[in-house]
Each structure stands twice: as C-alpha cells, then as structure tokens.
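First the structure, in the form of structure tokens, and then the observations on it.
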Amino acid sequence: MKSMPDETPRHLLDLTLQDLVQWLADKGQPAFRAKQIWNWVYQRRVRDFQEMSDLSKPLRELLATNFKLWTCSLFEHQKSVDGTEKLLIDLKDGGRVECVLLRDGPRRSICVSSQVGCAMGCVFCASGLDGVDRNLTQGEILEQMLQLQHLLPENERLSHIVMMGMGEPLANLDRVVGALEIARSPLGLGISPRRITISTVGLPPAIDRLAKHETPFQLAISLHAPNDELRNRLVPTNAKTGIESIMAAAERYFRSTGRRLTFEYVLLAGINDTIDCARELVQLLRGKTSMLNVIPYNSVVGLPYETPSATIIHAFRKTLVDGGINVMFRQRKGDGIEAACGQLRRKRQTPIQTSEP
Ligand code: SAH
C-alpha cells in the first residue's frame, strides 16, 4: 500500500458507496471494506479513521492520507429549553451555514441547509437577505447531518430530515439528492424517504426532475399566498413561475411518486392572514391530496413582519378547517435560539455593540 496521497485529500462524504468501492478496488481492497467504512461513519459515529478498529492499520493510514472526514468547524452551538439545538457551522472557504436538531416526543428531526445564503429573496426570510454565495457540496450537506447526529446519545437515532435550512434545495438538486440518497440508504443513515422532506419555493422544471428520480422523497412547497398578486410580493421568483404552473408541477409530482404533498404557509400579520386569504386557499387546495402546514412567523431583526395574534390565527384556521382542508398548525420550536432559517447567521454578521455585556 502506498502512503503518498493520490491528490489533495477528498471529502469522504462526497463519495457514493460505489465510488468508495472503486477507490478501494484500485488499491487492491475488497468491496466489503466500503461497507465497513460507511458503517463506522454513518452508524457508529466515529470522528477519526483511527477508530475504525476492524480495518488494518495500513488501510486506516491510507484512508487518512487520501480523505478528510470533516471539512467544517463548529462556530456556535445553541440549546433551547425545549430540546432544540442549533449549530452554526463554518465551511472551509469561510462561508457559514446553520442546521437544527428538533426533539418532539420520540422524533429526532433535523433541518439542514443546502446553500450558503439563498437567491430566492423571499421578503420575510433572513437567509436570502444577502443573496446566495454558493451551493453546498454533497459532503457539506451530509456533514451537517452527522454533526447533528453526534449530539444524540448512542441509543437514539435521527428519525426525520427536512431540507428547510438555508438555501433553495432544488437550485442545488444533484448535491441535495446525492446527500439524501446516503441519508436514506440502509447502509448510510437508514432514514426512510417517507421521513425525508425537500422544501422548495416552487421551481417547476426542478420539481419535474425530482419526480423522475427513483427515490420518492416528500415534497413541501412554500406557498405563503393563495394568489399571484400577493405571492409576487412575498416570493419574488413567483413573478416568473406563477402559482398555476407550480400547482401543476406539484400535481405531476404527486402522480408519479404517490407522495402526499405538503404546502407551507408562513402567517404574516396583516399580510396573508385575512379570512379572504383563507377562503382563497380553500379554493386552491380543495380536492388535492395534500397537507397545509401553517407556520407561525419567527421574527427577523431588521424586517418589519410579525406573527398574527392568537385570535386572527384561530379565525384563519377555522376557515380552513370548515372548508375541508387538511391543515396543521405547526408549533414554534427553538424560541430564544434564532431557529428560523438564516436568523442566527444573520445575527452573528452584525457587529457586536460595545454596550452589550
Ligand atoms: N427555500 C426552501 C427551503 C428553505 S426555507 C423553501 O422556500 O421552501 C423553509 C421554510 O421556512 C419555507 O417555507 C420558508 O418560507 C420558511 N421561513 C423562512 N423564514 C422564516 C421565518 N422567519 N419564520 C418562519 N418561517 C420561515
């Protein structure tokens, strides 16, 4: 076995199992070694090649010379009293992303970023305020998942993944799907694709591409408004797409995957929380096999939007329920730790005032 590296060390998490089998074959190693390595990384949560005790020492050395397991570093770790934990992660080129672990009964859900920043420009969202810097690599997406998994005690497993962190996952589709394939593989994180959700602002051509992918992941569409006039104001990309073409793509996705669709709706006081909006939503969603997820707004420093009062939320909900819509009002999690996407990163960008303790 040579100890000189092939080239600059690669991120091990960028490799599919097949890539790793191939690399090992080139070194005269049997294919089952790849499964052993994956088992250590994705299931047994090791931090170092040296801990892979069923591999020979020379093979461990060879791996350590040619691969990096970790490329990021932890900038900040916040914990909320409700069990939510948030990591602010520094990428090797200086970019920064957020990811979150949510505890809810037996569920251990993680919310993961797909890009540094976001190009979609939704007016109420902290992630896109400075645009997008770049797509994350497959390895960087998986690294967030593993860092969050490492927060769990040994007897607990990650149960759900939502691609609802920073960025637009469908604008980085290949890398997101590459990472999620490893997340759902029984040899990887072993999370059923029924428990993996890709959330999108609604990009019809990319939804169609995802529909052709062999694994049917759950799809969530961030609607936020029941008509184009309002949606164009909240979600700038809507001016090019329009709700109708998004609904048509969503319907095609449902038909080809059989997965019930989720629509997301962030309630913004005085903007999209009227009874008229709720009635229009009923018209738009009636008869569709879908779930409407209504999300209370997490306020963002510097932005003028607010969560509606309990009375308004109640009336909005009643209109939807009376209209026969399958609706879920999500509870806010992670209060006190800036858990909405992009919030924490934004906060850490602002220079700390000298008067702060
Ligand atoms: N770009 C994708 C995924 C990331 S955002 C998308 O648009 O779906 C995930 C969800 O969080 C979206 O529905 C988004 O609109 C919502 N969101 C963004 N900022 C929020 C905030 N401050 N409070 C509540 N939800 C927010």
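Among the residues of region 287-309, is there at least one that is away from the ligand (no atom under 16 Å from the Cβ), more than 21 Å from Thr197 (Cβ to Cβ) and without any contact (Cβ under 8 Å) to a residue 60 or more places away in the chain?
Checked region 287-309: at least one residue is away from the ligand (no atom under 16 Å from the Cβ), more than 21 Å from Thr197 (Cβ to Cβ) and without any contact (Cβ under 8 Å) to a residue 60 or more places away in the chain.
Taking the stated definitions as given, is Ile207 away from the ligand (no atom under 16 Å from the Cβ) and farther than 25 Å from Lys92 by Cβ?
The answer is no for Ile207.
What are the residues in region 236-275 that are outside any helix (DSSP H, G or I), β-branched (Val, Ile, Thr) and within 14 Å of Pro204 (Cβ to Cβ), if any?
Correct list: Thr237 only.
Go over the candidates Ile37, Ile89 one by one and state the one that is in the same structural domain as Arg330 (by TED's automatic domain parsing), β-branched (Val, Ile, Thr), buried (at least 20 other Cβ atoms within 10 Å of the Cβ) and away from the ligand (no atom under 16 Å from the Cβ).
Exactly one residue qualifies, and that residue is Ile89.
Within region 150-175, how many residues are among the aliphatic types (A, V, I, L, M), within 24 Å of His77 (Cα to Cα) and either within 16 Å of the ligand (Cβ to nearest atom) or in contact with a Gly (Cβ under 7 Å, 6 or more places away or on another chain) (or both)?
Qualifying residue count, region 150-175: 5.
Tally time: how many residues in region 124-145 are surrounded by fewer than 20 Cβ atoms within 10 Å (Cβ to Cβ) and more than 16 Å from the ligand (Cβ to nearest atom)?
1
Yes/no per residue for (1) in a strand (DSSP E or B); (2) within 18 Å of Gln144 (Cα to Cα); (3) at pLDDT 95 or above:
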{"site": "Leu20", "(1), (2), (3)": "no, no, yes"}
{"site": "Ala25", "(1), (2), (3)": "no, no, yes"}
{"site": "Pro30", "(1), (2), (3)": "no, no, yes"}
{"site": "Gln36", "(1), (2), (3)": "no, no, yes"}
{"site": "Leu62", "(1), (2), (3)": "no, no, yes"}
{"site": "Trp70", "(1), (2), (3)": "no, yes, yes"}
{"site": "Glu76", "(1), (2), (3)": "yes, yes, yes"}
{"site": "Leu87", "(1), (2), (3)": "yes, yes, yes"}
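Residues are listed down the side, and each one gets a yes or a no for (1) over 21 Å from Ser113 (Cα atoms); (2) within 16 Å of the ligand (Cβ to nearest atom); (3) crowded, with 19+ Cβ neighbours inside 10 Å:
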| residue | (1), (2), (3) |
| --- | --- |
| Gly188 | no, no, yes |
| Ile198 | no, yes, yes |
| Leu203 | no, yes, yes |
| His213 | no, no, no |
| Pro216 | no, no, no |
| Leu223 | no, yes, yes |
| Arg233 | yes, yes, no |
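Kindly provide the set of residues from region 74-117 that are out of contact with any Cys (no Cβ under 8 Å at 6 or more places or on another chain) and farther than 19 Å from Met164 by Cβ, ordered by number.
Within region 74-117, Leu74, Phe75, Glu76, His77, Lys79, Val81, Asp93, Gly94, Gly105, Pro106 qualify.
Glu156 is checked against (1) farther than 20 Å from Gly190 by Cα; (2) part of a loop (DSSP other than H, G, I, E, B) and fails just one. What number does that condition carry?
For Glu156, the exception is condition (1).
Could you tell me whether Asn238 is within 21 Å of Met120 (Cβ to Cβ), within 14 Å of the ligand (Cβ to nearest atom), polar (S, T, N, Q) and within 20 Å of the chain's Cα centre (by Cα)?
no
Could you look through region 249-274, keep only residues that are among the acidic types (Asp, Glu) and either under 19 Å from the mean Cα position of the chain (by Cα) or more than 14 Å from the ligand (Cβ to nearest atom) (or both), and pick out the one that is farthest from Phe316 (Cα to Cα)?
Looking at the filtered set, the residue picked out is Glu251.
Hey, can you tell me all the residues within region 53-82 that are surrounded by fewer than 20 Cβ atoms within 10 Å (Cβ to Cβ) and either among the acidic types (Asp, Glu) or more than 26 Å from Leu136 (Cβ to Cβ) (or both)?
Selection gives Ser53, Asp54, Leu55, Ser56, Lys57, Pro58, Leu59, Arg60, Glu61, Glu76, Val81, Asp82.
Looking at (1) assigned to a helix (DSSP H, G or I); (2) within 16 Å of the ligand (Cβ to nearest atom); (3) in contact with a Pro (Cβ under 9 Å, 6 or more places away or on another chain), find the lone condition where Arg194 falls short.
(2)
Could you tell me whether any residue of region 110-132 is hydrophobic (A, V, I, L, M, F, W, C) and either in a helix (DSSP H, G or I) or not assigned by TED's automatic domain parsing to the domain that holds Pro304 (or both)?
no
The values are calculated or read from the model by the stated rules, or taken from the named source; none is laboratory data. This structure is a prediction, so every number in the text was calculated from the model and none was measured. Neighbour counts run over all protein chains shown; Cβ positions are idealised from the backbone, glycine included.
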